[in-house]
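Report on the following structure.
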Number of protein chains: 2
Amino acid sequence: MSKDWLEQIQWTEDGLVPVIAQQHDSCRVVMFAWMNRESLQLTVEEGYAVYWSRSRQRLWHKGEESGHRQKIIDMQLDCDGDVILLKVDQVGGIACHTGRESCFYQSLENGQWVSKEPVLKDPKHIYK
Amino acid sequence: MSKDWLEQIQWTEDGLVPVIAQQHDSCRVVMFAWMNRESLQLTVEEGYAVYWSRSRQRLWHKGEESGHRQKIIDMQLDCDGDVILLKVDQVGGIACHTGRESCFYQSLENGQWVSKEPVLKDPKHIYK
């Protein structure tokens, strides 16, 4: 298959593209991460999200430890070709390493970030 | 008011933070952009999204030309403190400079990015 779709992406100088992951049915934004060319190709080939971990400088098969993989339902590109929006089905209903559904669980209220959401599973039981 | 909430944000080396804008009721992700410290403060003070335009290297009051401002409904921070999710009410129902509701209007289908969404208003009539 032609790789034109990869060429159309405007990669950063570091060869990355920002990626937003949104639960396809609830529309909840659950995560934000980065992909490089290889991880994006793997994502499409495997049908599950593969990110590029900037902190660990390696491919990160989302859910590789936790089992909380993200099945790809749809993949969207923005008008400038430099941001990807993934519609996913979040396995286990937990995207965040804190054991919450979404990484976005803090809201700004009266000048403070307030945690608004319960931990669904203790991280001690998610990561061995 | 204390500015601790600003200190808790993990800014990039360039002093920026990535920002996802999501229409609060439809849950549609409409845009992705960046903020610096000043634009984030202005966003909170004015109640409407102010971004930092990296291409123009200046503050960008979203909608300053088009009128398509983004009223802030909620502001969320992710687990690592380095990504912001804005719940907005998109004035005019158009977030994209192409005249579409959302910047994410292309889906990957059979190895091609396919435009899936109509232009609601001709950009010639949005921008003078």
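Summary of values
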quantity	calculated
Too-long pairs where the Cα-Cα distance tops 20 Å, listed order kept, from B:Lys71/B:Lys124; A:Lys62/A:Lys121; B:Lys62/B:Lys87; A:Lys87/B:Lys124; A:Lys62/A:Lys116; A:Lys116/B:Lys87	B:Lys71/B:Lys124; A:Lys87/B:Lys124; A:Lys62/A:Lys116
Nearest-0.05 FRET efficiency for A:His24 and B:Gln112, computed from C-beta distance (R0 25 Å)	0.75
Alpha-carbon Debye profile of chain A, log10 I(q)/I(0) at 0.12 Å⁻¹	-0.48
Placed amide H near B:Arg100: partners under 5 Å, 5+ positions off or other chain	B:Leu120
Highest-MSF residue in chain B out of B:Gly111, B:Gly63, B:Gly99 [GNM, Cα springs under 10 Å]	B:Gly111
Inter-chain shielding of B:98-108 (mean C-beta neighbours from other protein chains, 10 Å cut-off)	5
Paramagnetic reach from A:Gln8 in segment B:97-128 [backbone N under 19 Å; point 7 Å along Cα→Cβ]	B:97-120
Integer Hz, Karplus 6.51/-1.76/1.60 couplings in order for segment A:108-113, x for Gly and Pro	7, 9, 6, x, 9, 7
Angle between chain B longest axis and helix B:37-46 axis [Cα atoms, degrees, rounded to 10]	80
Cβ neighbours within 10 Å from other chains - mean over B:33-46	0
Per-residue HN-Hα couplings for segment B:3-13 [Karplus 6.51, -1.76, 1.60; θ = phi - 60°; Hz; x = Gly/Pro]	9, 4, 4, 6, 5, 6, 7, 8, 6, 5, 4
Mean Cα-pair separation over length for chain A, i.e. relative contact order, pairs under 8 Å, 6 or more apart, %	21
For B:Tyr105, distant residues with modelled amide H under 5 Å away	A:Leu77, A:Cys79
Whole-Hz ³J(HN,Hα) from phi, Karplus 6.51 cos²θ - 1.76 cosθ + 1.60, for segment B:18-29, glycine and proline x	x, 10, 9, 10, 10, 4, 5, 8, 7, 6, 5, 6
Residues with amide H under 5 Å from that of B:Met35, placed H, sequence gap 5 or more	B:Val17, B:Val19, B:Trp52
Solvent-accessible area of B:Glu45 with every protein chain in place, 1.4 Å probe, in Å² to the nearest 10	130
At R0 = 45 Å, FRET efficiency that the Cβ-Cβ distance of B:Glu38 and A:Glu46 yields, to 0.05	0.60
The protein assembly as shown: C-alpha pair distances exceeding 22 Å, %	55
Whole-percent carbon and sulfur share, accessible surface of segment A:19-81, 1.4 Å	45
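The values are calculated or read from the model by the stated rules, or taken from the named source; none is laboratory data. On a predicted model such as this, the values are computed, not experimentally measured, just so you know. When we count neighbours, we look across all protein chains shown, and the Cβ atoms used for this are built from the backbone with ideal geometry, even at glycine. Side chains included, ligands, DNA and RNA excluded: accessible areas come from the protein's heavy atoms. Shrake-Rupley method; radii C 1.70, N 1.55, O 1.52, S 1.80 Å.
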